[in-house]
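Beneath this line is the structure, given in structure tokens, with notes to follow.
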Amino acid sequence: MTNSRKTSLDQILLPEWRWEYFFKIIYDYLLPFDLYPYPISKEFLNRQTILGSKTNSYEVNTATWACSAPKIRQARAACLTAGEKISVLNFVITPSYKLDLPFFGADLVTLPSGHLIALDFQPALKNDHQHTKNVWDQLLPLHSKWQALLPSGGPVPEEAEPFFSPGFLWTRLPLGQEGDEIISKIIQPAFIDYFSLYLDLLSNANEVENQRSLNILDGQKRYMKYRSEKDPAKAMLTRFYGEKWTKNYINRVLFDLQ
Ligand code: DBV
């Protein structure tokens, strides 16, 4: 089980994890990339706790998968289950800042109120044509194709706007058979479409000049700062694991480029 994981590259298996299929895609598609483990300290590699009452207890499991590669500064997946009601796969790729590429971001979340699905190529420099044009030209057709088949996820905060692309795939789905079907028929192939395009862009990307790379690095840091300050999972993680662990997990593992 999760506790036998020794390095950040070891596979993840969680009990009743709703998003396992997506993790396997990530893992299988990234493997050809000459991966290195990304150092993650033991307390964040696997964490288990039992919550609830004596007669009605549930396990909370969190595991972190992470790697780096020549073109990837960090790819990391935060994987969480709490009983059968809560399941999360939050996945972010931070490319090398020497490449003019966006982040790959996925937030796949099951809560007692329903599923929430966010998928995007998030720009480091949103208002910079050189950073966005080639990417958006290829991403927007995928977005049109898949978002048209899904209900909108509703408004996102205005302050988040600089960090999203126009290819942001965003939906909320009901639990039960209806949601399950949409996940297998639409979200799974959409995820593969997005992820495959991202890996193509990564494979084809060439290093930029030094001055340019410093601008990209600045943009990446702004994004990380925003994500760490506004992490929507903060309340939930704090409830499960306390304030100190959560703060460290967010700042030193999940969004550690600051
Ligand atoms: N989100 C994270 C991390 C998570 C995580 C690291 C470890 O960035 C889970 C877990 N996201 C998570 C949870 C919720 C959300 C919500 C548990 C539900 C919070 C709640 O309702 O209590 C996309 N995720 C959200 C929301 C958005 C996103 C817009 C709704 C926020 C809200 O209603 O306040 N997260 C956001 C995003 C990306 C992302 C755009 C990148 C694609 O990862």
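The values are calculated or read from the model by the stated rules, or taken from the named source; none is laboratory data. Predicted model only: the values in this text are computed from it and were never measured. FYI the Cβ positions are ideal-geometry reconstructions off the backbone, even for glycines, and counts take in every protein chain you see. These area figures cover heavy atoms from the full protein model, side chains too; ligands, DNA and RNA do not enter into them. Shrake-Rupley method; radii C 1.70, N 1.55, O 1.52, S 1.80 Å.
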Quick one: compute the contact order of the chain, relative version, from alpha carbon pairs under 8 angstrom and 6+ residues apart, as a percent.
-> 15
If you plug each phi of region 238-247 into the Karplus form 6.51 cos²θ - 1.76 cosθ + 1.60 with θ = phi - 60°, what whole-Hz ³J(HN,Hα) values come out, in order, with x for Gly and Pro?
-> 5, 4, 7, 10, x, 6, 5, 4, 5, 4
Which whole-number percent gives the relative contact order of region 1-45, counting Cα pairs below 8 Å spaced six or more residues apart?
-> 52
Restricting to lysine pairs 8 or more places apart or on different chains, what number in region 46-175 have Cα atoms under 27 Å apart?
-> 8
In Å, what Rg and Dmax follow from the Cα atoms of the chain?
-> 17.8, 61
Roughly how many Å is it from the Cα centre of region 179-222 to that of region 1-80, as a whole number?
-> 20
All aspartates and glutamates inside 14 Å of Lys185 as judged from Cα atoms, apart from same-chain residues fewer than 8 positions distant | Asp193
What accessible area per residue, rounded to a whole number of Å², is obtained for the chain using a probe radius of 1.4 Å?
-> 48
Accessible carbon and sulfur surface of the chain relative to its total accessible area, %, 1.4 Å | 53
Connecting every pair of Cα atoms under 10 Å apart in the chain and solving the GNM, the largest mean-square fluctuation among Leu197, Leu108, Leu149 falls on Leu149
Computed over region 181-226, the convex hull of the Cα set has an average projected area, in nm², of 4.6
Cα-projected label distance for Leu214 with Tyr29, points at 7 Å along beta-carbon direction, nm | 3.5
Summing +1 for each Lys or Arg and -1 for each Asp or Glu, what net charge is found among the other residues whose Cβ lies under 11 Å from the Cβ of Ser96?
-> +1
